[in-house]
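The values are calculated or read from the model by the stated rules, or taken from the named source; none is laboratory data. Everything numeric here is computed off the predicted structure, so don't read it as measured data. Cβ sites come from the backbone with ideal geometry, for glycine too, and all protein chains shown count toward neighbours. Protein only, heavy atoms only, side chains kept; ligands, DNA and RNA dropped before computing areas. Shrake-Rupley method; radii C 1.70, N 1.55, O 1.52, S 1.80 Å.
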Amino acid sequence: MRKQKFGSSGPDVTIIGQGTWYIDRGDRRSAVAALRRGIELGMTHIDTAEMYGDAELVIAEAMVGGRRDDLFLVSKVLPSNASRRGTIAACERSLKRLKTERLDCYLLHWRGSYPLEDTVAAFDELIAAGKIRSWGVSNFDTDDLNELLAVAGKGKIACNQVLYHLQERAIEHGVIPWCERNGVAVVAYSPFGHNDFPSPRSKAGEALQAIANAHRATPHQVALAFLTRIPSVFAIPKAASAEHAADNAAAGKMILGTNEIAALDKAFPRGPKPRGLPML
């Protein structure tokens, strides 16, 4: 599993991690097995949020008997809780549910009504208390990022977690270049789309399948390899089973050739820059 630096001063983190949105809605045993198998195969970057129902409880169960220090654990505060006191209280609730003493990164889930100054002050307080090691944001467009940078200062924002998949490449226009200039990691959520992965019967799907066949891989593995071709990008696919987790993990070693990247770029064009940042 390849690793790269998470932000300008963060640790080396696996490029393929594990997302947990909706992981609490299926079979609990399978979900725990999927997380544990993913960890065994090197997907030690685990992402969750207070919004994700019981996902933090599922992760806590998956971590039982394991080595917490081997994981890069991320959670998020809801905008409705992102006042200075509310952020600290939300973090403490997440720590309790996860049964851990710290988070490796803590994110503002999306831009809300509380001043960024308040949320950043809470993040700084949590770092000083040893409850988080770094902080970032999710669903921030370039204007939001510029405002946040003015509040926090350079080198403070660890990551921006955003929607990014083959059929939704809007962040390549502005968000990814901004993050690269400012040493901010980009984390792709829903990297397979949301129930709309390319059909193998479509023309674009055929191009994807052809590259998968050449690598003796799956189309999903090729999709992850394409997204993480950019050095600042990480991906956090969700897996519902141990087999699915193994499939995702295998993408962490795949490197696409220049011609393959060009073929996928043609099959899945990024399109014009949208007025607003796409999000789920």
Check: Across segment 1-41, what is the total count of residues that are part of a helix (DSSP H, G or I) and farther than 17 Å from LEU71 by Cβ?
Finding: 5
Margin query: Please go through segment 1-41 and give me each residue that is more than 12 Å from the chain's Cα centre (by Cα) and open to solvent by less than 20 Å² (accessible area, probe 1.4 Å), ordered by number.
Written below: GLY7, GLY10, ILE23, ALA31, VAL32, ALA34, LEU35, GLY38
Check: Can you tell me which of LEU163, LEU148 is over 21 Å from GLN4 (Cβ atoms), at pLDDT 95 or above and open to solvent by less than 30 Å² (accessible area, probe 1.4 Å)?
Finding: LEU148
Next item on the list: Would you check if GLY193 is touching a helix residue (DSSP H, G or I) at 6+ places or on another chain (Cβ under 6 Å), open to solvent by 10 Å² or more (accessible area, probe 1.4 Å) and not aliphatic (A, V, I, L, M)?
Entry: no
Notebook entry, point to check: Picking from ALA210, ALA240, which residue would you name as being aliphatic (A, V, I, L, M) and either crowded, with 19+ Cβ neighbours inside 10 Å or within 19 Å of ALA34 (Cα to Cα) (or both)?
Noted result: ALA240
Margin query: Suppose we keep only residues that are open to solvent by 10 Å² or more (accessible area, probe 1.4 Å) and among the charged types (D, E, K, R) within segment 73-89. Which one would you say is nearest to GLY155 (Cα to Cα)?
Written below: ARG84
Notebook entry, point to check: When the residues of segment 213-237 are filtered to those that are surrounded by 15 or more Cβ atoms within 10 Å (Cβ to Cβ) and farther than 26 Å from VAL184 by Cα, which remaining residue is farthest from the chain's Cα centre (by Cα)?
Noted result: HIS215
Notebook entry, point to check: How many residues, within segment 58-72, are over 16 Å from the mean Cα position of the chain (by Cα), closer than 25 Å to THR87 by Cβ and surrounded by 16 or more Cβ atoms within 10 Å (Cβ to Cβ)?
Noted result: 3
Notebook entry, point to check: Looking at this structure, is GLY112 small (Gly, Ala, Ser), in a loop (DSSP other than H, G, I, E, B) and closer than 30 Å to ARG275 by Cα?
Noted result: yes
Note to self: Every residue in segment 250-280 that is part of a helix (DSSP H, G or I), open to solvent by less than 40 Å² (accessible area, probe 1.4 Å) and out of contact with any helix residue (DSSP H, G or I) (no Cβ under 6 Å at 6 or more places or on another chain), please.
What the structure shows: GLY252
Checklist line | Residue tally, condition modelled with pLDDT under 95 and assigned to a helix (DSSP H, G or I), over segment 205-243 | finding: 0
Check: Where residues in segment 90-119 are touching a Pro at 6+ places or on another chain (Cβ under 8 Å) and small (Gly, Ala, Ser), which of them is least open to solvent (accessible area, probe 1.4 Å)?
Finding: GLY112
Check: Just a yes or no: is a residue in segment 178-187 over 16 Å from PHE6 (Cα atoms), surrounded by 19 or more Cβ atoms within 10 Å (Cβ to Cβ) and out of contact with any Cys (no Cβ under 7 Å at 6 or more places or on another chain)?
Finding: no
Next item on the list: Among the residues of segment 147-188, count how many are assigned to a helix (DSSP H, G or I) and either of a type in the set (D, E, K, R) or free of Cβ contacts under 8 Å to residues at least 24 places away in the same chain (or both).
Entry: 6
